[in-house]
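The values are calculated or read from the model by the stated rules, or taken from the named source; none is laboratory data. Given the structure is predicted, the values throughout are model-derived calculations rather than measurements. Neighbour counts are summed over all protein chains in view; Cβ atoms, including those assigned to glycine, are modelled from backbone coordinates with ideal geometry.
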C-alpha cells in the first residue's frame, strides 16, 4: 500500500505539468523548424558573417586604389 | 483523517488545471481567428515557407488568446455578475486575476516577437496593435463607456485576415482592407441579433449594450443600417484579386438574404418577436455565422480555382479593382 494518497488535486497538477511540457516541446520544435526554414530559404538573413565582404579584403580593387 | 480531507477540498478550488488556462485564451474565438487569418495568408500574392506559415498562424492565434486572457482579467467583475460568464476560470475561483494578467502579457510578448521573427515587422506590429485594441481600447475603455462598443470593438476581430495577408506580402493592400471591412461591418448586426433574443443580464453588470441604452426598436434599426453598409464592402472584395465570379455570385446571394433578414427584424415589434420566441432574430443570427464562413470559404475557393487556366482567364474579367 502506498504511503501517500492519490488525490484529484495531484491528477490536476500532473495534467498541468504534462500540458506545459507538451507546449514547451512544441515551441522548441517550432523554433527549430523556423530556424531550418530561414537558413535554407536565406531570403531574410543578414548573413553578415558568412558572405564575402570587400571591406575586409586587402586584395580588393578598392583598397588597391588608395 | 477527516481534517485532511477538508484541507484537500479547500485546495481544490484554488488550483487550476491545464484546461482552465486554455479556457482563459477563449478557444472558440481563436478558431475563428485561425480560419480568417489562414484565408488571408493563403490568398495573398507570394508564398511563405510552410513552417513559417504554420508559425504565423500559431502566433496570430496565440496573440488572440493572450488578448482574451487580458480581457478576462479586466472584466472579472462583470463576468462574476453575469450568468453566462460566471463559470469562467477567474469568477469560478480557479485562476487568480493577477495570474491571468501575467499569462496574457507574457503570451502577448511571445506572440508578437515570434510573429515578427517568423514573418515581418509590420505583421508583428499589427498583431501588437490588435491585442492593444482589444485589451485596452475595447475592454478597458469602450465596453463600459458607449453602446457602440460592439461596433468599434469589432475591429479587433477584423484584423486577423489582414495580419495573415501582411505576413506574406509585408504590406497592406486594398484586398486586406476589404477583408478587414467584411468582418468589421458584419460584427454589429451579428451581435445585436444575438442581443435581441438572449435575455442577457448586461444591465446588472452595468455594460451599456444598445438594447439596454437605446431600446430594442433602435437596435433593430441599427441591424438594418449596418447590414446595408456591409453590402458594398462584401461585393467590392469580389472585384479585387481575391474575388471572382464564384465569390461574387455567393456574396450577392448571401447579402440579399442577410438584408432580407435584417429587414424582417426591423419591421417587427417586440410583441410579435415574443409571440414566436424570436424565431426571425435567431434565424438571422445563425445565418450570419454561415455568412462569414461562406464568404471566406469563397475567397479561398477562388484562390484554388485560379490554378485552372480557363477559370482564371474568365475570372480576370471581374477583377477590375486589381491594382497589382
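For region B:202-221, state whether one or more residues are within 26 Å of residue B:73 (Cα to Cα), within 14 Å of chain A (Cβ to nearest Cβ) and out of contact with any strand residue (DSSP E or B) (no Cβ under 6 Å at 6 or more places or on another chain). The answer is no; no qualifying residue exists.
Right, residue B:60: modelled with pLDDT of 95 or more, more than 10 Å from every other protein chain (Cβ to nearest Cβ) and on the phi < 0 side of the Ramachandran plot or not? Can you show your working first?
Working: modelled with pLDDT of 95 or more: yes; more than 10 Å from every other protein chain (Cβ to nearest Cβ): yes; on the phi < 0 side of the Ramachandran plot: yes.
It is true that residue B:60 is modelled with pLDDT of 95 or more, more than 10 Å from every other protein chain (Cβ to nearest Cβ) and on the phi < 0 side of the Ramachandran plot.
Looking at residue B:169, is it buried (at least 17 other Cβ atoms within 10 Å of the Cβ) and either assigned by TED's automatic domain parsing to the domain that holds residue B:40 or over 20 Å from the mean Cα position of the chain (by Cα) (or both)? Spelling it out, residue B:169 is indeed buried (at least 17 other Cβ atoms within 10 Å of the Cβ) and either assigned by TED's automatic domain parsing to the domain that holds residue B:40 or over 20 Å from the mean Cα position of the chain (by Cα) (or both). One residue stands out among those in region B:113-129 that are touching a residue at least 40 places away in the same chain (Cβ under 8 Å) and over 16 Å from residue B:157 (Cα atoms): the one that is nearest to the other protein chains (Cβ to nearest Cβ), which is B:118. So, of the residues in region B:80-91 that are in contact (Cβ under 8 Å) with a residue 24 or more places away in the chain and surrounded by fewer than 22 Cβ atoms within 10 Å (Cβ to Cβ), which turns out to be nearest to residue B:21 (Cα to Cα)? Ranking the qualifying residues of region B:80-91, first place goes to B:88. Among the residues of region B:130-147, the ones that are over 20 Å from residue B:114 (Cβ atoms) and either touching a residue at least 24 places away in the same chain (Cβ under 8 Å) or surrounded by 18 or more Cβ atoms within 10 Å (Cβ to Cβ) (or both) come to 9 in all. Check region B:254-272 and report whether any residue there is assigned by TED's automatic domain parsing to the domain that holds residue B:307, closer than 24 Å to residue B:310 by Cα, touching a residue at least 12 places away in the same chain (Cβ under 8 Å) and part of a helix (DSSP H, G or I). Looking through region B:254-272, none of the residues is assigned by TED's automatic domain parsing to the domain that holds residue B:307, closer than 24 Å to residue B:310 by Cα, touching a residue at least 12 places away in the same chain (Cβ under 8 Å) and part of a helix (DSSP H, G or I). Contact map, region B:15-26: first residue more than 8 Å from chain A (Cβ to nearest Cβ), second residue in a loop (DSSP other than H, G, I, E, B) and buried (at least 20 other Cβ atoms within 10 Å of the Cβ), Cβ cut-off under 6 Å, separation 6 or more or different chains; pairs are B:20/B:89; B:20/B:94; B:20/B:95; B:23/B:89; B:24/B:89.
Between B:54, B:41, which is in a helix (DSSP H, G or I), in contact with a helix residue (DSSP H, G or I) (Cβ under 9 Å, 6 or more places away or on another chain), within 11 Å of another protein chain (Cβ to nearest Cβ) and at pLDDT 95 or above? The match here is B:54.
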